[in-house]
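A quick write-up on the structure given underneath.
The values are calculated or read from the model by the stated rules, or taken from the named source; none is laboratory data. Small disclaimer: the values here were computed from a predicted structure and weren't measured. Neighbour counts run over all protein chains shown; Cβ positions are idealised from the backbone, glycine included. Surface accessibility is based on the protein's heavy atoms, side chains included, excluding ligands, DNA and RNA. Shrake-Rupley method; radii C 1.70, N 1.55, O 1.52, S 1.80 Å.
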Amino acid sequence: MAGMDAFTGRLDPDMCVVTATAGGDRSGCLVGFASQCSIRPVRFVVWLSKVNRTYRVARNAPFLAVHLLTREQRALAELFGGRTGDSTDKFRHVGWQEEHGGAAVLDDAAAWFVGAVVRDVDGGDHVGFVLDPVAWGEREGSDDRPLLRLGDAVTIAPGHPVD
Ligand SMILES: Cc1cc2nc3c(=O)[nH]c(=O)nc-3n(C[C@H](O)[C@H](O)[C@H](O)COP(=O)(O)O)c2cc1C
């Protein structure tokens, strides 16, 4: 591996699906750039690509929902990572419900939280949304299942490529 790929190519983060709801618009995409960024208060940051429809909706969203998937949920990752909301209504293909502040929460998520957007940070071609959790939940019986990671999802062709 050459250059910075020798570093980034060794990473295998847990994947999540981030959904955004604003002004009657709803969107969601698969995200690998995400991590806890504060302990007290507990905060989490998700990085959305500026080309994604989800980013455009998130810019006006007071809350985002973040979901963890288990390894056998690759089909869900393919729906949210391999298609763009510009041409597919992804929410027609999954069970979901409105939670805190109208955030869209996927029924099948292993674990999820809704976070209030406290700030956004321009990181380059992605923008970080710093989230203060306000509601959360988990699917019973899923806590001992391995999570879906980048290595499980890397062959999905992004629905909205950066280039
Ligand atoms: C393995 C993988 C990781 C991805 N990581 C991110 C990410 O961290 N942030 C992001 O905004 N998009 C990421 N994407 C791309 C979006 O999930 C994808 O382009 C999606 O189709 C965008 O949908 P939208 O246009 O409806 O928002 C990733 C895709 C894949 C396959």
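Listed values, structure above:
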{"read-out": "Prolate/oblate/rounded call for region 99-160, Cα gyration tensor, a/c under 1.5 rounded", "value": "oblate"}
{"read-out": "Sulfur and carbon atoms: percent of accessible area, region 47-163 [1.4 Å]", "value": "46 percent"}
{"read-out": "Which of 126, 67, 93 is most accessible, then next, and so on - probe 1.4 Å", "value": "93, 126, 67"}
{"read-out": "Accessible-area ranking of 29, 37, largest first, probe 1.4 Å", "value": "37, 29"}
{"read-out": "For the chain, built as a Gaussian network whose Cα springs stay under 10 Å, the top-fluctuating residue of 88, 54, 19", "value": "88"}
{"read-out": "Prolate/oblate/rounded label for region 56-95 (Cα gyration tensor, a/c 1.5)", "value": "oblate"}
{"read-out": "Table column - 3J(HN,Hα) (Hz), region 98-115, Karplus curve with 6.51, -1.76, 1.60, x for Gly and Pro", "value": "7, 10, 2, x, x, 4, 8, 10, 6, 4, 8, 4, 5, 8, 8, 9, 9, x"}
{"read-out": "Signed unit charges on C-beta, dipole axis of region 94-157, positive-most listed residue 142, 129, 95", "value": "129"}
{"read-out": "Total formal charge among the other residues, if their Cβ is under 10 angstrom from that of residue 57, Lys/Arg +1 and Asp/Glu -1", "value": "+3"}
{"read-out": "Anisotropy class of the chain from Cα gyration tensor, a/c 1.5 cut", "value": "rounded"}
{"read-out": "Heavy-atom accessible area ranking, 1.4 Å probe, most first, across 38, 27", "value": "38, 27"}
{"read-out": "Within-13-Å neighbourhood charge of residue 102 [Cβ basis; K, R +1; D, E -1]", "value": "-2"}
{"read-out": "Separation of alpha-carbon centers, region 1-60 and region 90-123, rounded to whole Å", "value": "12 Å"}
{"read-out": "Highest-fluctuation residue, 141, 123, 115 considered, GNM on the chain with Cα pairs under 10 Å", "value": "141"}
{"read-out": "For residue 126, net neighbour charge (Lys/Arg +1, Asp/Glu -1) across residues whose Cβ lies under 11 Å away", "value": "-2"}
{"read-out": "Cα-centre dipole for the chain with unit charges at Cβ (Lys and Arg positive, Asp and Glu negative), debye to 20", "value": "300 debye"}
{"read-out": "Calculated [θ] (222 nm, deg cm²/dmol) that DSSP helices of n ≥ 4 give over the chain, each run adding -39,500 (n - 2.57)", "value": "-3000 deg cm²/dmol"}
